[in-house]
Amino acid sequence: MRRWEYRALITAFLLLLASLLVSAARMDNEVRSVSERNKGQRIITPEDKVVALTFDDGPKAGKTEKLLDGLKERNVRVTFFMIGCQVQDNRDIVQRIFDEGHQIGIHTYDHVRLTELTEEEQKQQIRQTEGVIEGLIGDYDFLLRPPYGDRNETLLSWIDMPVVVWSIDTEDWTGRSADLIVEQTVQDVESGDIILMHDIFDNSIEAAFGIIDELQKMGYTFLTVEEMFEVRETPLENGEVYHHLW
Ligand code: ZN
C-alpha cells in the first residue's frame, strides 16, 4: 500500500470513529427512562429482596443535597417526587438528582389536592411541572405521586403517566425521631415495598440513612420505582395506580 492509501485509510477510520461517538452521545441524550440510564450497573433477580425509597415535597435547598450526599456514599438510587414551583429556585439540585441516576416524579406544581380540581386545572398542575423540569434535563418519562395520595376518576381518565403511591408511610412529617422511623420501617418492610418519606426534614434524611444501612445488612437492594418493577418484568403503565411490587 502506498503512503497516501494509508493516510486515506486512517482518515476514513477516524471519521468512522467520530461519527460513532457522535451517534452514541446522541443516543444517550434520547434515553428518557432512568432504568435505561442505569442499565448494566447492577444485576438483580426476581428472588432478590428489593425496596424503593421515595421522597416527596422537595427539592429543598440545604436538605436535599444532604440526602444526595448520603445516597451517593451508599451507592443508592431513589425516586424524588418534586413540587414544580420549587424547581426554578433549586435548579442545581434537580440537575444533580438527574445526573446521579435517581428517578424524578411529579408531585404537582403547587402541592394541591388534585381531587378538588377540574380536569383542566389538574392538567395545568402536571404540565407546568413537566415543563419546568424538562426545561432543565430534557424530555423525560415522569411518574406522578398525587399529594396525599388523592386521585379520582377524572385524574385517572386522562393521566398519561404511572401513578405511584406507597405501601409504607414512615410518617416522618409528624416529627417522629429518626430512630423510631428506622425501627418501625425495618420491622414492617417486605420485599417490593414503596416507602414514603420527605426530603425536607432533617429527621427524615437521618432516618433514610438508617433505613438503608439496616436493610442493606438484611440483604435488601434499593432501586428506583421504575427499576423495581422491571425486576419482575412488569413495566409501569400509564394511568395505573401502584402501591407496591407484590
Ligand atoms: Zn406532599
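Out of the residues in the range 105-119 that are over 17 Å from Val165 (Cβ atoms) and either open to solvent by 50 Å² or more (accessible area, probe 1.4 Å) or in contact (Cβ under 8 Å) with a residue 60 or more places away in the chain (or both), state the one that is nearest to the ligand (Cβ to nearest atom).
The extreme case among them is Asp110.
Name the residues in the range 221-246 that are open to solvent by less than 40 Å² (accessible area, probe 1.4 Å) and of a type in the set (D, E, K, R), would you?
Across the range 221-246, the qualifying residues are Glu226, Glu227.
So if I check each of Asp179, Asp193, Asp172, which one is acidic (Asp, Glu) and closer than 20 Å to Gly58 by Cα?
Values: Asp179 fails: closer than 20 Å to Gly58 by Cα; Asp193 fails: closer than 20 Å to Gly58 by Cα.
Every option except Asp172 fails the conditions.
Please find, within the range 132-151, the residue that is most open to solvent (accessible area, probe 1.4 Å) out of those that are within 16 Å of the ligand (Cβ to nearest atom) and not hydrophobic (A, V, I, L, M, F, W, C).
Per the stated criteria, the residue is Tyr148.
Considering only helices (runs of 4 or more DSSP H) fully contained in the range 142-246, which possess at least 1 residues that are farther than 24 Å from Ile44 by Cα and among the aromatic types (Phe, Trp, Tyr)? Talk me through it step by step, then tell me what you get.
Working: elements: 153-158, 178-188, 202-217, 225-231.
In the range 142-246, 153-158 are the helices (runs of 4 or more DSSP H) which contain 1 or more residues that are farther than 24 Å from Ile44 by Cα and among the aromatic types (Phe, Trp, Tyr).
Check the range 145-163 and report whether any residue there is farther than 24 Å from Gly58 by Cα and of a type in the set (Val, Ile, Thr).
Looking through the range 145-163, at least one residue is farther than 24 Å from Gly58 by Cα and of a type in the set (Val, Ile, Thr).
Could you tell me whether any residue of the range 203-220 is within 20 Å of Phe142 (Cα to Cα) and open to solvent by 40 Å² or more (accessible area, probe 1.4 Å)? Lay out the reasoning, then the answer.
Step one: of the range 203-220, the residues within 20 Å of Phe142 (Cα to Cα) are none.
The answer is no; no qualifying residue exists.
Looking at the range 83-97, which of the residues that are over 19 Å from Pro147 (Cα atoms) and touching a residue at least 40 places away in the same chain (Cβ under 8 Å) is nearest to the ligand (Cβ to nearest atom)?
First, the residues of the range 83-97 that are over 19 Å from Pro147 (Cα atoms): 88-97.
Among the residues that remain, those that are also touching a residue at least 40 places away in the same chain (Cβ under 8 Å) are: 88, 91, 94-95.
Values: Gln88: 18, Arg91: 21, Val94: 17, Gln95: 22 Å.
Looking at the filtered set, the residue picked out is Val94.
Considering the range 152-172 alone, what residues qualify as being open to solvent by 10 Å² or more (accessible area, probe 1.4 Å) and either within 16 Å of the ligand (Cβ to nearest atom) or of a type in the set (D, E, K, R) (or both)?
Glu153, Asp160, Trp166, Ile168, Asp169, Glu171
Filter the range 61-71 for residues that are under 16 Å from the mean Cα position of the chain (by Cα) and within 16 Å of the ligand (Cβ to nearest atom); which is surrounded by the fewest Cβ atoms within 10 Å (Cβ to Cβ)?
Per the criteria, the residue is Thr64.
List every residue pair whose Cβ atoms lie under 8 Å apart, where the two residues are 6 or more positions apart in sequence or sit on different chains, the first residue falls within the range 146-167 and is among the acidic types (Asp, Glu), and the second residue, located anywhere, is part of a loop (DSSP other than H, G, I, E, B) and away from the ligand (no atom under 13 Å from the Cβ).
Note: pairs meeting the criteria are Asp160/Asn238; Asp160/Gly239.
Here are some residues: Glu226, Glu230. Which one is at pLDDT below 95, among the charged types (D, E, K, R) and touching a Ser or Thr at 6+ places or on another chain (Cβ under 6 Å)?
Details: Glu226 fails: at pLDDT below 95.
Going through Glu226, Glu230 in turn, the sole match is Glu230.
The values are calculated or read from the model by the stated rules, or taken from the named source; none is laboratory data. What you see is a predicted model; the values in this text were computed from it and never measured. Glycine gets a Cβ as well: all are built from the backbone with ideal geometry, and neighbour counts include every protein chain shown. Accessible surface areas use protein heavy atoms only, side chains included; no ligands, DNA or RNA. Shrake-Rupley method; radii C 1.70, N 1.55, O 1.52, S 1.80 Å.
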